[in-house]
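Working notes for the structure below.
Only the coordinates and a few stated rules stand behind these numbers; no lab work does. On a predicted model such as this, the values are computed, not experimentally measured, just so you know. Here the Cβ positions follow ideal geometry from the backbone for every residue, glycine too, while neighbour counts run over all protein chains shown.
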Amino acid sequence: MVWNSGATRRGFTLIELLVVIAIIGVLIALLLPAVQAAREAARRAQCTNNLKQLGLAVHNYIDSNQVFPSYSMPNWGAGWAWNVSWSDAILPHIEQQALYNALNFDVPPLDLGSFTGQDFRQNTTVGLTVISSMLCPSESINTQPTLLTGGDFARTNYAGNYGGPAQFASCSGLIIPSKGAFGVPSTAGVASLASARDGTSNTALFSEHLIFAGPPSPAGSNTAKRALFQLDSIVLTYDTGDVANLRSFVAACKSIPNGTQPSSAESFGAAWALAQGFSTATTGYTHVMTPNSDSCTGRQGGLFDFSADGSQGGFAAAITATSDHPGGVNVCMGDGSVRFVKDTIAQETWWALGSRKGGEVISADAY
């Protein structure tokens, strides 16, 4: 028996199927950037909140100590012993009292040459502890503890403002060392609210720094802003008001040929627990290059410049604020407020935000 329903079965033709697939593809292409933008907005909001918590913690610290936390403390004298950083000082104010209690301030957190005779491994547990509020959610590389010479340490994306261009004034920021390289006393001391003559709302306290990626990070690559480049031709000056020297340095840093290999001294964000007068890069930054530019150092007296202030060689290097946020970086001001500063901010305005007592006048719409 032959079955004949008298009806014609109709399905999708190949062309119709391809059209439907194309429409779905277009919809996904339209929606995906919106989803990604929403996720980044949430990450940036969390980053803003992290910085607000750090700003509040610093003001709680000031209530007890009358000064901003030192960039590095205490200092272990001659040798390559590292100090605890400003982060350690505010641990009780970011709900990390247990970590603070576990930290032995009588022992350096890292001693590369065993100059102190102290067993720095006593602080290994503290240094290895990952603190989520010290990490930006937009950071795109592994934020787990990293191996430095001598030990493993948990990383950080947040850095203290060491100051604006040292050609104008060394250590002019709010997070500066009480001592410089190898135990030499710093002429700057620590900052206080009274010393912030430009106003805490006009002076940066913290910003962001992408964690170092390690080699290779050549100039022009997508990891270049995680690296530090040496400018052999630039001899740095300090506390001289030498604008020509500053502008030569900035111009050279902006024009590094693509493919140039960075310095080996890449320690950005390598350890929240560490600091040293000769290395601002670990938990500090400077207001020399505008946000998300390259970081550079020149020469001073024939040596690459990594020391703390003008009294012992200076630190006029550009350790630049960087982030994975599109178009700029978050900055926590001295009053605890957080602002998003665009990469396109005027150079002079960025310099002014780095100085606590430069006397600059910054209009409300300058950035």
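General remarks:
- Using the Cβ-Cβ distance between residue 40 and residue 197 with R0 set to 35 Å, the FRET efficiency from 1/(1 + (r/R0)^6) comes to roughly 0.40.
- Spin-label model, residue 366/residue 49: points 7 Å from Cα along the beta carbon direction are separated by 3.2 nm.
- For residue 160, distant residues with modelled amide H under 5 Å away: 284, 285
- Highest average first, the peptides 319-332, 32-45, 125-138 ordered by how many other beta carbon atoms sit within 10 Å of their residues are 319-332, 125-138, 32-45.
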